[in-house]
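Structure record follows, encoded as structure tokens.
The values are calculated or read from the model by the stated rules, or taken from the named source; none is laboratory data. Since this is a predicted model, take the numbers as computed values, not measurements. Cβ placement follows ideal geometry from the backbone for every residue including glycine, while neighbour counts extend to all protein chains displayed.
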Amino acid sequence: MTTAPGEPDGAQSIDLRFLTRDVSAEEAAAVTAVLVAAVDEEQASPPPPARSDWAHPRNALRPPIEVGPGRWTSSLR
């Protein structure tokens, strides 16, 4: 939805064209109201939260376990 030039900041202009013939003014107004409400609701919703670094798939990988003397202590570094 865009604000047309010369309209107040809160006003929105929408260009609708009905392909169905013989649409009454009441039907056109109802469809327009539903579409404007849906667009306003979508624009007002917050963006989805960003993925936390804790949930990143790269953290699911771990280095291979190495067997041998002193490897237990070196695995903590």
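Pairs meeting the criteria (first residue in the stretch 38-60 and under 20 Å from I14 (Cα atoms), second residue surrounded by 10 or more Cβ atoms within 10 Å (Cβ to Cβ) and at pLDDT below 90, beta carbons under 7 Å, at least 6 apart or on different chains) are V39/M1. Here's a check for you: in the stretch 32-63, which residue that is among the polar types (S, T, N, Q) and farther than 25 Å from R17 by Cα is modelled with the lowest pLDDT? Per the criteria, the residue is N59.
For the stretch 32-60, give me each residue that is among the small types (G, A, S), assigned to a helix (DSSP H, G or I) and surrounded by fewer than 10 Cβ atoms within 10 Å (Cβ to Cβ). Walk me through it before giving the result.
Here is the first cut: in the stretch 32-60, the residues among the small types (G, A, S) are 33, 37-38, 44-45, 50, 52, 55, 60.
With the extra rule that they be assigned to a helix (DSSP H, G or I), the set shrinks to 33, 37-38, 44, 55, 60.
Residues satisfying the conditions are A44, A55, A60.
The residues of the stretch 6-31 that are modelled with pLDDT of 90 or more and not in a loop (DSSP other than H, G, I, E, B), listed by number, are A25, E26, E27, A28, A29, A30, V31.
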